[in-house]
Amino acid sequence: MLPRRRFYSVPCMVKAPGQFGFLSALVRIVRGRPHVPPAVADNPLLQRILRRRSVRRYDDRPLPDEVFAAILEAARVAPSTVNLQTWSFALFTAESWRATFGRPIPFQAQRAVIVLADTHRARTVFEAFPRSPLIEYTIGVMNAALAAMNMTLAAEALGVSSVMLSETGRSGLLDAAYLKDKLGLPDGVVPLMTIVFGYAKGPRPPMPPRLPLQEICFTGCYRETDPLVMRRWLEEMIAGYKAAFPRSSFEAQLHVYRSRIGQAEQELRRLVLGDDTN
Ligand SMILES: Cc1cc2nc3c(=O)[nH]c(=O)nc-3n(C[C@H](O)[C@H](O)[C@H](O)COP(=O)(O)O)c2cc1C
């Protein structure tokens, strides 16, 4: 845990908000709602998409096998580049997670899926294609991420909550080399994320602050985002983090990422590009 004063030295664009800014940022978060035209607001699929939240507290109700099977089927039918289906999924129960990684499954969830970008499988039939690691990686990531999203939405439809994690609970970032070793991954199979599933305990968390639609869309030429909008967003992120995790801080979380990003980048370069230079 970092000393409190480091919280005010966030090496980002802005300073952390003062107390008044903190409170008004919290109010903005709690008031934040997705906006959709009333004419379509009742659509059940749209409602599921808008209501989905990353959930980090689960109760001990078991997830029935058929529910988990349906979630996986949603991954299998996801769209993919040239229908290449460049993904693999490593499946875990709480017990098998502990047996594999020697630690509890994150957030006491019932099941976990490690989502892998997998261009290895397709290479077995498309051998004549020249090696193109960046293209393969991009395609692999895109497709596997779409399958991941399909899983979380299928889960929501069945009343099951989830959260995507960029690590395995080993407190790493991607954990690429660790997982290659643990799961015996061949070249061309790269871990992307873990998704844990279970039944939510307690109320649904509020929506973390989203940027306004007009700041993320443009017609014609690219338009820079208003710095004030970014400042407000960062204030809300810091305040929301503090409210959700009172014993930590957004700065502490950034510090974790900063300290791990170099190693994660090196591991990925090695795995994806075969680059051994530091
Ligand atoms: C690829 C990916 C990795 C993520 N990694 C983590 C993580 O390591 N830990 C965590 O608590 N949340 C993680 N999240 C969840 C995000 O924090 C969350 O999606 C974001 O704050 C928006 O909140 P919402 O999903 O409730 O809308 C991840 C999300 C994605 C898509």
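Quick rundown of the values:
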| read-out | value |
| --- | --- |
| Where the Cα pairs of the chain fall when distances are cut into 10 Å bins, in % | 6, 22, 31, 29, 11, 1, 0 |
| Positive dipole terminus of the chain, leading residue within ALA252, LEU45, VAL196 (C-beta point charges) | ALA252 |
| Whole-number percent relative contact order across the range 131-278, with pairs defined as alpha carbons under 8 Å at least 6 apart | 26 |
| Förster radius 41 Å - calculated FRET efficiency between ARG231 and ARG170, Cβ distance, rounded to 0.05 | 0.75 |
| Model label zone, LEU183; criterion: amide N under 14 Å from point 7 Å along Cα-to-beta-carbon; scope the range 92-119 | 92-93, 97, 100-101, 112-119 |
| All aspartates and glutamates inside 15 Å of LYS201 as judged from Cα atoms, apart from same-chain residues fewer than 8 positions distant | ASP59, ASP60, GLU156 |
| Most mobile of VAL30, VAL40, VAL190 in a GNM of the chain (Cα contacts under 10 Å) | VAL40 |
| Helix 250-268 vs. the chain, principal-axis angle (Cα, 0 to 90°, nearest 10) | 20 |
| Between the range 151-171 and the range 219-264, the Cα center-to-center distance that results, in Å | 21 |
| Value of [θ]222 nm, deg cm²/dmol, for the chain, DSSP H segments ≥ 4, -39500 (n - 2.57) each, nearest 500 | -13500 deg cm²/dmol |
| Listed residues ALA112, ALA69, ALA155, most fluctuating in the chain (Gaussian network, C-alpha, under 10 Å) | ALA69 |
| Stretchable slack from PHE129 to ASN83, in nm (0.36 nm times residue separation minus alpha-carbon distance) | 14.9 nm |
| Pairwise label distance in nanometres, GLN263 with GLN19, each label 7 Å out on the Cα-Cβ vector | 4.0 |
| Taking the convex hull of Cα positions in the range 197-278, its mean projected area over all directions (nm²) | 9.7 |
| 0 to 90° range, to nearest 10: angle between helix 133-157 axis and the chain longest Cα axis | 60 |
| Among GLN253, GLN110, GLN263, residue whose mean-square fluctuation peaks in a GNM of the chain (springs only between Cα atoms under 10 Å) | GLN253 |
| Helix axis angle, 65-76 relative to the chain longest principal axis, alpha carbon, degrees | 80 |
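Read-outs: derived from the displayed coordinates by stated rules, not from any lab. All of these numbers come straight from a predicted model, not from anything done at the bench. Counting neighbours? That spans all protein chains shown, and the Cβs are built from the backbone with ideal geometry, glycine included.
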